[in-house]
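> One structure is given below, represented as structure tokens, and several questions about it will come after.
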Amino acid sequence: MSYRRGRIGPVHQLPPVERLPAPLARRIALAAQGLVDERPTTQPGTRQLGALVDRLAVVQIDSVNVLSRSHYLPAFSRLGGYRRELLDRLHHPRHDVFEYWAHEASYLPVRLQPYVRWRMAAAEQHAWGSMLRVQRERPEYVAELLARVTEGGPLRAGELGEQRPSTPGQMWNWHPGKAALEYLFYVGALTARSRTAGFERVYDLTERVLPADVLAVPTPPRADAVRELVRTASRALGVATETDLRDYFRLPVADARTAVAELAEAGELLPVEVHGWGRPAWLDPAARRSRWARARALLSPFDSLVWERPRIERLFGFRYRLEIYTPAAQRVHGYYVLPFLLGDQLVARVDLKADRAVGVLRVQAAHVEAHHPDPVPVAAELAAELRLMADWLELERVEVQPRGDLAGQLARAV
């Protein structure tokens, strides 16, 4: 099998463009993300969690903990109540997953580590901010920290004793030591061995953390690696535009475009037109074409189904904005708002907070989508989902605040 320019894979003539109805495209996308079937009735274990991470390929990490750390939520959405420490174990001590910059900071299956080494090697083009600045201005300090980890073992940025700068309006207020460790993390010299209870990275040499058989895999050429990442994104998305495929791993435009063209020529992506999308799309040939969707789930704002806002508007007609950084008086739906999936539609959204001190899951606002004028069945299903989430988070009860057009009905259902 050989691609053009000597790469691996056969070259085929592109098939005729298939036209997909929008509801079918939506169900294909949900099936690819593991959100078309009802949850399993048995409590999931490490094997099921590992299979889910392998299916999604990217599980985004975020520090916001108003409800739950975001990387725990996708597994709950798809598998139901599970023991969160089992997901932690996939990272440490099993190292079946590893941390790296993919969509954003993310957990990835460890099998993908060779395919992101090109990004590590191109840190000067892809890293940003204080990471690059500390390497350019204080390379001897970066080298000193690498030597310290090499000789002294795992290290947290908090152990360096440096003060975090206070710079209003800056998201990444890292002190120089943290920036240096992050640079070494970005280039792959260090990786995250584990996380502390306070969610701080524990850095160690990559060769002391990741499995030897993964590290022994030869580094593929950049073009081959990008092609594999696009192929992986296609499987996780089911049906997608070129932009969707590129965004999944935040790939460079030119590299991703070339990879899409080559995969299409090899028959690994099929051209389709989705009614209402208004742009070309690509179908994974192995995608499941489900005739129905029975899932019910609250979705993290950082869930891979919803993180690309134009895509969810195309799929669901659902306009979604994360309002964490919006001044409170200007928020429309709330601070930490989760879309509610019922069947193959996003039918509502709720602003949630886990008030752990008093054991309450607080619904600070609840809104139904305009295309669901009857809120009664939506409220009943949402109430059941909130009770399930409260149990998983070990909270005693659900309380609904009187904000939003679904709040009254939801309060009665709860």
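The values are calculated or read from the model by the stated rules, or taken from the named source; none is laboratory data. Since we're looking at a predicted model, the values are computed, not measured. So basically every Cβ, Gly included, is an ideal-geometry build from the backbone, and we count neighbours across all protein chains shown. Just so you know, the surface numbers come from the protein's heavy atoms only, side chains and all, with ligands and any DNA or RNA stripped out. Shrake-Rupley method; radii C 1.70, N 1.55, O 1.52, S 1.80 Å.
> Taking segment 81-107 only, how many residues are outside any strand (DSSP E or B), closer than 25 Å to Arg309 by Cα and open to solvent by less than 20 Å² (accessible area, probe 1.4 Å)?
Number satisfying all stated conditions: 2.
Conditions (1) touching a residue at least 12 places away in the same chain (Cβ under 8 Å); (2) within 12 Å of the chain's Cα centre (by Cα), marked per residue:
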residue	(1), (2)
Leu30	yes, no
Arg47	no, no
Gly50	yes, no
Val53	yes, yes
Ser63	yes, no
Leu67	yes, no
Ala75	yes, yes
Gly80	yes, no
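> So is Ala370 of a type in the set (Gly, Ala, Ser) and either more than 28 Å from Pro23 (Cβ to Cβ) or in contact (Cβ under 8 Å) with a residue 12 or more places away in the chain (or both) or not? Don't jump to the end; show me each part of the working.
Values: of a type in the set (Gly, Ala, Ser): yes; either more than 28 Å from Pro23 (Cβ to Cβ) or in contact (Cβ under 8 Å) with a residue 12 or more places away in the chain (or both): no.
Spelling it out, it is not the case that Ala370 is of a type in the set (Gly, Ala, Ser) and either more than 28 Å from Pro23 (Cβ to Cβ) or in contact (Cβ under 8 Å) with a residue 12 or more places away in the chain (or both).
> Suppose the filter is under 23 Å from the mean Cα position of the chain (by Cα), over 25 Å from Ile312 (Cα atoms) and among the β-branched types (Val, Ile, Thr); does Val230 pass it?
no
> Related question: Being surrounded by 20 or more Cβ atoms within 10 Å (Cβ to Cβ), among the acidic types (Asp, Glu) and modelled with pLDDT of 95 or more narrows it down to one of Asp391, Asp344, so name that one.
Only one candidate qualifies: Asp344.
> While we're looking at this one, here's another question. Step by step: first the residues of segment 284-295, then only those that are touching a residue at least 40 places away in the same chain (Cβ under 8 Å) and open to solvent by 60 Å² or more (accessible area, probe 1.4 Å), then the one that is nearest to Val230 (Cα to Cα). Which residue is that?
Residues of segment 284-295 touching a residue at least 40 places away in the same chain (Cβ under 8 Å): 284, 286-295.
Right, trim to open to solvent by 60 Å² or more (accessible area, probe 1.4 Å) and you get 286, 288-289, 291-292, 294.
Numbers: Ala286: 15, Arg288: 18, Arg289: 20, Arg291: 26, Trp292: 27, Arg294: 28 Å.
Filtering segment 284-295 for residues that are touching a residue at least 40 places away in the same chain (Cβ under 8 Å) and open to solvent by 60 Å² or more (accessible area, probe 1.4 Å), the one nearest to Val230 (Cα to Cα) comes out as Ala286.
> Same structure again: Pairs only if they're at least six apart or on different chains, beta carbon under 7 angstrom, first in segment 155-169 and under 26 Å from Ser194 (Cβ atoms), second open to solvent by 80 Å² or more (accessible area, probe 1.4 Å) and at pLDDT 75 or above; list them, first residue then second.
Leu155/Arg148
> Take the residues of segment 175-197 that are at pLDDT 90 or above and part of a loop (DSSP other than H, G, I, E, B): which is farthest from Met131 (Cα to Cα)?
Looking at residues that are at pLDDT 90 or above and part of a loop (DSSP other than H, G, I, E, B), I get Thr196.
> Another one. Quick check on segment 341-351. Is at least one of its residues farther than 23 Å from Arg19 by Cα and more than 22 Å from the chain's Cα centre (by Cα)?
No.
> Just to check your reading of the model, which residue among Ala259, Ala281, Ala197, Ala216 is under 23 Å from the mean Cα position of the chain (by Cα), over 16 Å from Met120 (Cα atoms), surrounded by fewer than 17 Cβ atoms within 10 Å (Cβ to Cβ) and hydrophobic (A, V, I, L, M, F, W, C)?
Ala197 is the lone residue from the list that is under 23 Å from the mean Cα position of the chain (by Cα), over 16 Å from Met120 (Cα atoms), surrounded by fewer than 17 Cβ atoms within 10 Å (Cβ to Cβ) and hydrophobic (A, V, I, L, M, F, W, C).
> Would you check which residues across segment 378-388 are open to solvent by 10 Å² or more (accessible area, probe 1.4 Å) and of a type outside the set (Asp, Glu) and list them?
Ala380, Ala384, Arg387, Leu388
> For residues that are of a type in the set (D, E, K, R), under 21 Å from Val358 (Cα atoms) and assigned to a helix (DSSP H, G or I), tally how many sit in segment 372-414.
So the answer is 3.
> May I pose another question? Tally up the residues in segment 108-128 that are open to solvent by 40 Å² or more (accessible area, probe 1.4 Å) and either modelled with pLDDT of 95 or more or out of contact with any Lys or Arg (no Cβ under 8 Å at 6 or more places or on another chain) (or both), please.
Adding up the residues that qualify gives 6.
> Filter segment 54-68 down to the residues that are in a loop (DSSP other than H, G, I, E, B) and either small (Gly, Ala, Ser) or open to solvent by 10 Å² or more (accessible area, probe 1.4 Å) (or both), then identify the one that is nearest to Asp355 (Cα to Cα).
Residues of segment 54-68 that are in a loop (DSSP other than H, G, I, E, B), as a first pass: 57-58, 61-68.
Remaining after also requiring either small (Gly, Ala, Ser) or open to solvent by 10 Å² or more (accessible area, probe 1.4 Å) (or both): 57, 61-66, 68.
Working: Ala57: 31, Ile61: 21, Asp62: 19, Ser63: 17, Val64: 14, Asn65: 11, Val66: 8, Ser68: 11 Å.
Filtering first and then ranking leaves Val66.
> Out of Glu124, Glu162, which single residue is farther than 30 Å from Ala51 by Cα and either part of a loop (DSSP other than H, G, I, E, B) or over 25 Å from the mean Cα position of the chain (by Cα) (or both)?
Criteria check complete, one pass: Glu162.
> Arg314 fails exactly one of the following numbered conditions: (1) under 30 Å from Thr241 (Cα atoms); (2) in contact with a helix residue (DSSP H, G or I) (Cβ under 8 Å, 6 or more places away or on another chain); (3) open to solvent by less than 70 Å² (accessible area, probe 1.4 Å). What is the number of that condition?
Every condition holds for Arg314 apart from (2).
> Ok, one more. So in segment 265-278, with the set limited to residues that are of a type outside the set (D, E, K, R), out of contact with any strand residue (DSSP E or B) (no Cβ under 6 Å at 6 or more places or on another chain) and surrounded by 15 or more Cβ atoms within 10 Å (Cβ to Cβ), which one is nearest to Val363 (Cα to Cα)?
Looking at residues that are of a type outside the set (D, E, K, R), out of contact with any strand residue (DSSP E or B) (no Cβ under 6 Å at 6 or more places or on another chain) and surrounded by 15 or more Cβ atoms within 10 Å (Cβ to Cβ), I get Trp277.
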